[in-house]
1. Below 8 Å between Cα atoms, with a sequence gap of 6+, how large is the relative contact order for the range B:107-200 in percent?
2. Treating the angle as unsigned and between 0 and 90°, give the value, to the nearest 10°, between the Cα long axis of helix B:82-97 and the longest Cα principal axis of chain B.
3. Setting aside same-chain residues fewer than 8 positions from residue B:53, which lysines have a Cα under 21 Å from its Cα?
4. Among B:53, A:177, A:62, rank each residue by its count of other Cβ atoms within 10 Å, from fewest to most, as a rough exposure measure.
5. Given a Förster distance of 30 angstrom, what is the FRET efficiency for residue B:194 paired with residue A:126, based on the Cβ-Cβ distance and rounded to 0.05?
6. Name the lysines eligible as straight-distance cross-link partners of residue A:177: C-alpha to C-alpha under 20 Å, and not fewer than 8 places from it in the same chain.
7. Pairwise over distinct Cα atoms, reciprocal of the mean inverse distance: report the Kirkwood radius of the range B:1-83 in Å, one decimal place.
8. If I fit a long axis through the Cα atoms of helix A:158-177 and take the longest principal axis of the Cα atoms of chain A, what angle between them do I get, 0 to 90°, rounded to 10?
Number of protein chains: 2
Amino acid sequence: MVRGRPREFDAEIALDRVLPVFWRDGFEGASVQELAEAAGVSKPSLYAAYGNKEALYLAALKRYADAHIADRVARLEAEPDGREAMRQFMRTTVATYTDRSHPSGCLVVTGTTTSDSAAVPEAVRNALCGSMRAAATVIESRLARAQRDGQLSASADPAALAAYFNTVMAGLSVQAKAGADREALLSVVDEAMRGWPTVL
Amino acid sequence: MVRGRPREFDAEIALDRVLPVFWRDGFEGASVQELAEAAGVSKPSLYAAYGNKEALYLAALKRYADAHIADRVARLEAEPDGREAMRQFMRTTVATYTDRSHPSGCLVVTGTTTSDSAAVPEAVRNALCGSMRAAATVIESRLARAQRDGQLSASADPAALAAYFNTVMAGLSVQAKAGADREALLSVVDEAMRGWPTVL
DNA sequence: TATGTATATTACCGATCGGTACAGAAAACG
DNA sequence: CGTTTTCTGTACCGATCGGTAATATACATA
């Protein structure tokens, strides 16, 4: 058994409560005071559990990936038709971005947009850019697979197309934060899918 | 003649020097101290000239629109071919977003992404959302004109298409801030133009 | 029960935030 | 000239920032 006084809160649950604050306000915008209150824990307890604001943010980012991205990626790879997979991926992304049970938009996009301030640690910026690149890579490999399956024109460039879809989704996050409603964003998805290079 | 001691600095020039700070760091991220140093003016002088941080930001936003958006819009409307106009609009936008002589990305997109923090005044948020809507409106009317000119399919929805292009450009700003280079973003523009509904 | 260890809480640290009171300085008036 | 008016920089305001020292508390071990 562990010695000493046992912790009175679950660090995982605290992280779940901290996440939406970072999601809404970004790294700088979220104060440690606010984070502690959201977690229902005193500030020193939060520091004891996670070290500092930077480490807490990185933990929240990982939590975000596991709880709000992973299942969408799984569905992207489970759907056999490449075009439908991409379409549904963007549609579920819109659903997430406009889900009122948590902040609008994407934590990664919000974080990236505010990451070149001097107050944002380099590790945070690197992690965010890494998440962005990871998303592009996941999409690219799915598009390459669709190309092998004859669902995407052989002349298409999966990397360029992945960068395109990734950019559209970043834009969707911005629009969601600006207050666009779900239907408007789903309409954007329809327009974005017009660019899909079909097999002739 | 005006009585009293004359101002020793040009408020317009000061605004030009303040602009890139807001551009890079957003409303919250930019400190008044930093803004004053960038303007080459003491903090009370800046307050005497503009009132407070909120008014200074709104002035900088207007300056941004005049100096970094207006000419692109003018070219959008000057180019007779609708499709080429839209394409060049996005290409010059990419050029602006990746111009190393000032911060990357778009001040409006950066501002919007960080605007639902409590520290951002409602007037600032409203002005940013207004700029976003204005951009969509400009694009929509250009698309409607292209449709009248027979350069865009009659079945196309100019409003939906404008929302789409606006979203792509917001995404381009995010990517530019994340460090994407100009060629990568121009490639995204090429992909985005594939969605153009041509006349059959 | 006594001891060692890890927690929780209060209260505080220096630094910085947006914003300003104050006093000196420079011009237009009489 | 003196007066009035407005701008200038210094120095400061209370509040908040991220982070922590100090101490009381609760458990496992011995």
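We did not get these values from a lab; they are worked out from the coordinates using the rules stated. Since the structure is predicted, the reported quantities are computational estimates derived from the model, not experimental observations. Note that each Cβ is placed from the backbone with ideal geometry, even for glycine, and that neighbours are counted across all protein chains shown.
1. Values: 54 pairs, mean separation 27.9, N = 94.
The value is 30 percent.
2. 30 degrees
3. Filter leaves B:43, B:62.
4. Details: B:53 19, A:177 25, A:62 13.
Fewest to most other Cβ atoms nearby, the residues stand as A:62, B:53, A:177.
5. On the way: r = 32 Å, r/R0 = 1.08.
Rounded to the nearest 0.05, the efficiency is 0.40.
6. Within reach: B:177.
7. Numbers: mean 1/r = 0.0702 Å⁻¹.
For the range B:1-83, the Kirkwood estimate is 14.2 Å.
8. Approximately 50 degrees, to the nearest ten.
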